[in-house]
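First the structure, in the form of structure tokens, and then the observations on it.
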């Protein structure tokens, strides 16, 4: 049985049973301290090792994955400033990938840079986290993204399958409302952790969660055997993005979805076998809902 077919059957079994347990993530963790200089990098090396352990060896759900079937993700923590002996200001780039059925190809579900990340860490400090408690901004942020990634991943395989993990991410946000660090509160920004999980749980934005399922499961997963049928489903899913844009053009979650899928969509519709009318329709739709990146979509029309 092909590995990705086995993965999909495993996912169906997990949805039906939901009682198995093991680690979920195969997370690449990188900590870069080049921006702050200095010759002593040991603290950041131990930080990287501790975060790797935190993300990959902690149990985040009730589902079981074999070593080969774990969820692929990469988190790049870039230290931008040292505010004190153990306090840092950083950015965190979170990339989540999902296998496409019957292929060796992985599609991005998330590619986001969190720019509001300040935390404390001392060398060999244990990374503790407990749901409902905010004791460390470092572990709360990483736990938040662990739950958000699980939610997005499960949503892409089953309609609204990630709801329980978005609720867990919401609990992390709620627990951090008294935290001195930014990124958790509604009034601080419209593009932070608070609004990411709010947007995805808000029923008014359900079209975006429908998009996640239809684009990935009914579109990409079908294209290996039925290219036209899969691409047709993807075209229909893009209408869900337009629906969201017409209601809330500045919605944070819409921008996150576009950032993760933009290049892939261009590649799909740049195929010479795509009918010209489909190319034109998709180009016009994408240029409307993502005007700041209109030039990137021009490649769809230029392909012959």
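Suppose the chain between residue 273 and residue 301 were pulled fully straight at 0.36 nm per residue; how much longer would it get relative to their current alpha carbon spacing?
So the extension gain works out to 8.8 nm.
Find the relative contact order for the range 208-302 and round it to a whole percent, using C-alpha pairs within less than 8 Å whose residues are 6+ positions apart.
After rounding, I find 23 percent.
Tell me the label-point distance for the pair residue 158, residue 236, using the 7 Å Cα-to-Cβ offset, in nm and rounded to one decimal.
Distance between label points: 2.2 nm.
Provide 127, 83 in ascending order of the number of other Cβ atoms located within 10 Å of each residue's Cβ, fewest first.
Lowest count first: 83, 127.
If you average over every viewing direction, what projected area does the convex hull of the Cα atoms of the range 147-304 give, in nm²?
The orientation-averaged projected area of the Cα hull of the range 147-304 comes to 9.5 nm².
If you stretched the chain out fully between residue 56 and residue 87, how much longer would it get, using 0.36 nm times the residue separation minus the C-alpha to C-alpha distance?
In short, 8.7 nm is gained.
For the pair residue 189/residue 259, report the inter-label distance in nm, with labels modelled 7 Å from Cα in the Cβ direction.
For residue 189 paired with residue 259, the spin-label model returns 0.9 nm.
Which values of log₁₀ I(q)/I(0), to two decimal places, follow from the Debye formula for the range 221-304 at q = 0.16, 0.18, 0.25, 0.26 Å⁻¹ with a uniform point scatterer at every Cα?
Log-scaled intensity ratios, in q order: -0.59, -0.74, -1.34, -1.41.
Determine, for 42, 82, the number of other Cβ atoms within 10 Å of each Cβ, and report the residues in order from fewest to most.
42, 82
Suppose a student asked you for the relative contact order of the range 38-143, using Cα pairs under 8 Å spaced at least 6 residues apart; what percent would you report?
Relative contact order comes out at 24 percent.
Remind me, relative contact order of the chain in percent, using alpha carbon pairs under 8 angstrom and six or more residues apart?
Relative contact order comes out at 13 percent.
In the range 233-274, whose amide N lies under 14 Å from the spot 7 Å out along Cα-to-Cβ of residue 204? List them in ranges.
244-254
Would you calculate the separation in nanometres between label points at residue 293 and residue 34, each defined as 7 Å from the Cα along the Cα-to-beta-carbon direction?
Result: 2.4 nm between the two label points.
What Kirkwood hydrodynamic radius do you get for the chain when you take the inverse of the mean 1/r over all pairs of distinct Cα atoms, in Å?
20.4 Å
If each residue of separation counts as 0.36 nm, what is the full-extension length gain between residue 284 and residue 178 once their alpha-carbon separation is subtracted?
Length gained between residue 284 and residue 178: 33.7 nm.
Laboratory data are not the source of any read-out in this text; all were calculated from the coordinates shown. Just so it is clear, the structure is predicted and the values come from calculations on it, not from any experiment. Because the Cβ atoms are built from the backbone with ideal geometry, glycine has one as well, and the counts that use them run over all protein chains shown.
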